[in-house]
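Below is one structure; the comments refer to it alone.
Only the coordinates and a few stated rules stand behind these numbers; no lab work does. Note that the coordinates shown come from a computational prediction; the quantities given were computed from them, not determined experimentally. As a convention, Cβ positions derive from the backbone with ideal geometry for all residues, glycine included, and neighbour counts pool all protein chains shown.
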Amino acid sequence: MSSNSELDILYADNKLVVVNKPSGLLSVPGRGPENQDCVVTRVQARFPECRRFPTVHRLDMDTSGILVLGLTSRCVRELIEQFQQRTVVKRYEALLGGRVHKPEGTIELALRLDPYNRPHQVFDPIHGKQALTHWHRLGEENGCTRVEFAPHTGRTHQLRVHAAHPLGLDCPIVGDRLYGTGTAPGQLKLHAKYLRFVHPKTGDVMEFSVPAAF
């Protein structure tokens, strides 16, 4: 794993930091000393003024892409509010391990944690939380389908389950260790490529875009 100094920082000021997280790096610290290297600890090492809990949203360990963190308590609180109010615009790109013939669509499958098989999420129309994803097909390559996801909600593993579930696209994301045939960290072809939010201090619209590396 690369060192703190190699964290890909897209933007930074005295209120917030935006990074491009590599696949295979945790967003937040995990359990045990071997799981402390993550975006949060690297940002804290680079920005000593960073508050203890700068997390605003997360990306799965195997998902790459754009992540914003707040350096102050007020900034964290206001950014979280934007995510909760669903005013933040997010776009993801994924490579699915099969053919999807429809050009676009909407997936609405309520999700909840499977307590007997953590951290798997399962479709549960009764007890699950609403999860809504818009998607459109970008193209086909070597028997796989490239799609863009625009999640309206931010449930855990939402895009991964919506891609893999028979009532979704019935086509797991390439390299998915939980819902597909992936076998190791860093194989998942899912990238958070676009993020738009309002700067809590200045009121400026902040837009970031990083193309997928796959």
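Once you reduce the range 95-132 and the range 1-75 to the center of their Cα atoms, the two points are 27 Å from each other.
Each Lys or Arg adds one and each Asp or Glu subtracts one; over the other residues with Cβ under 13 Å from the Cβ of R77, this totals +2.
Averaging the sequence gap over all C-alpha pairs within less than 8 Å and six or more residues apart, then dividing by the number of residues, gives the chain a relative contact order of 19 percent. Note on S73 and T183: their simple-model spin labels are 4.9 nm apart, each label 7 Å out from Cα toward Cβ. Restricting to DSSP loop positions (anything but H, G, I, E, B) with no more than 15 other Cβ atoms inside 10 Å of their own Cβ, which GluC sites (Glu not before Pro) remain in the range 3-63? Filter output for the range 3-63: E49. Remark: the E49-H136 segment gains 27.2 nm on full extension, using 0.36 nm per residue and subtracting the alpha carbon distance.
Counting Lys and Arg as +1 and Asp and Glu as -1 over every other residue whose Cβ lies under 11 Å from the Cβ of L25, the net charge comes to -3.
Distances between placed amide hydrogens fall under 5 Å for R146 paired with L96, L138, G139, E140, E141, all partners being 5 or more residues away or on another chain. The count of lysine pairs in the chain that are at least 8 places apart or cross chains, and whose C-alpha atoms lie under 21 Å apart, stands at 10. Rounded, prolate or oblate: which fits the range 135-192 when a ≥ b ≥ c are the square roots of the eigenvalues of the alpha-carbon gyration tensor, with rounded for a/c under 1.5 and prolate only if a/b beats b/c? The shape class here is rounded. Placing pseudo-labels 7 Å out from each Cα toward the beta carbon at N35 and R118 gives an inter-label distance of 0.9 nm. With the cut-off at under 17 Å, measuring from each backbone N in the range 145-181 to a point 7 Å along the Cα-to-Cβ line of V28 picks out 154-158. Entry note, the chain: the mean residue ellipticity at 222 nm calculated from DSSP H runs of n ≥ 4, each adding -39500 (n - 2.57), is -3500 deg cm²/dmol after division by the residues and rounding to the nearest 500.
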